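Remarks on the structure that follows.
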Amino acid sequence: MEGEVLRDDQWETVKPFVPGGRKGKRGPRSDGRRFFDALLWLARSGGRWRDLPERFGPYQTAKRRYYRWIGMGVFDRLFDAVASQPDLEWLAIDATVIRAQAQAAGAPRKKGGPEAQALGRSRGGFGTKLHAVVDALGLPVRFAIGPGQQNDMAPACQLIAGIASGNVMADRAYDADSLHEIILAEGGKPVIPPRRHRKYQHRYDRIAYRQRWAIESFFGKIKQWRRIATRYDKLAANFIGFVKLASIMLWLK
């Protein structure tokens, strides 16, 4: 399956950000490439940790190492590196709901409970909302997660702030003065259909708006990774780690 294991050129890009692997008296202390391939297998297949094939080593070791990487911010640094030069001719922003499996529920109170772990109930059921911004090539630039019932606009201003681009496309759910102001302040042009209840129905570039397909294409691609299409992780940090992993692979493709 494409994306299940790293190509040599992809590994060379990833390698500087992989902790450990330095040689000890008995050889390398850990096989970073094998571990990365194990994470790709989990993300692609949606399998449980205990279902990890033996060729990737003990699943307990891989599981502990993944949690360590989350705490160390390894995926954050790697994503920032590979996504450092987006095509900012235009941006598109939108959100999609990720259905959560029953085992994702039950985060302990000391972890903030379901709301703090980006879990909630919407008309689509129990799940998580994934918010994303993509560039003109349809590649992810920024993303955030929230509970399934969260309004699309909730993290929108924060996701767009600080990015100077041309057109910024979104559907009418994002038609808010606060977002318009941020886009204009960054030198961009909002391409957002007006809400029907607005007294002043502003104009927007209908031709440019057709490019909004890129964000829908991104959601379609990232949901091919079964560990993302259905959420199994109790903690938001562990779930978004797989989202970042899949996004990194889209950039490396």
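The values are calculated or read from the model by the stated rules, or taken from the named source; none is laboratory data. None of the values given here were measured: they were computed from a predicted structure. Cβ placement follows ideal geometry from the backbone for every residue including glycine, while neighbour counts extend to all protein chains displayed. Note: areas computed on protein heavy atoms with side chains; ligands, DNA, RNA excluded. Shrake-Rupley method; radii C 1.70, N 1.55, O 1.52, S 1.80 Å.
Observations on the structure shown:
- Whichever residue in segment 176-209 is small (Gly, Ala, Ser) and either free of Cβ contacts under 8 Å to residues at least 60 places away in the same chain or assigned to a helix (DSSP H, G or I) (or both) and, among such residues, is surrounded by the most Cβ atoms within 10 Å (Cβ to Cβ): Ala176
- Flag if Gln149 is surrounded by fewer than 18 Cβ atoms within 10 Å (Cβ to Cβ), touching a Pro at 6+ places or on another chain (Cβ under 7 Å) and at pLDDT below 95: no
- Subset of segment 55-72 [without any contact (Cβ under 8 Å) to a residue 40 or more places away in the chain, closer than 11 Å to Leu39 by Cβ and not charged (D, E, K, R)]: Phe56, Ala62
- Residue in segment 226-235 that is farther than 22 Å from Asp135 by Cβ, in contact with a strand residue (DSSP E or B) (Cβ under 9 Å, 6 or more places away or on another chain), open to solvent by less than 40 Å² (accessible area, probe 1.4 Å) and assigned to a helix (DSSP H, G or I) present: yes
- With respect to the conditions (1) over 14 Å from Pro140 (Cα atoms); (2) part of a loop (DSSP other than H, G, I, E, B), Ala173 lacks only one, and its number is (2).
- Candidate set from segment 158-170 (those that are open to solvent by 30 Å² or more (accessible area, probe 1.4 Å) and either among the acidic types (Asp, Glu) or not in a loop (DSSP other than H, G, I, E, B) (or both)); member that is nearest to Leu88 (Cα to Cα): Asn167
- The number of residues in segment 65-99 being part of a helix (DSSP H, G or I), among the aliphatic types (A, V, I, L, M) and open to solvent by 30 Å² or more (accessible area, probe 1.4 Å) comes to 3.
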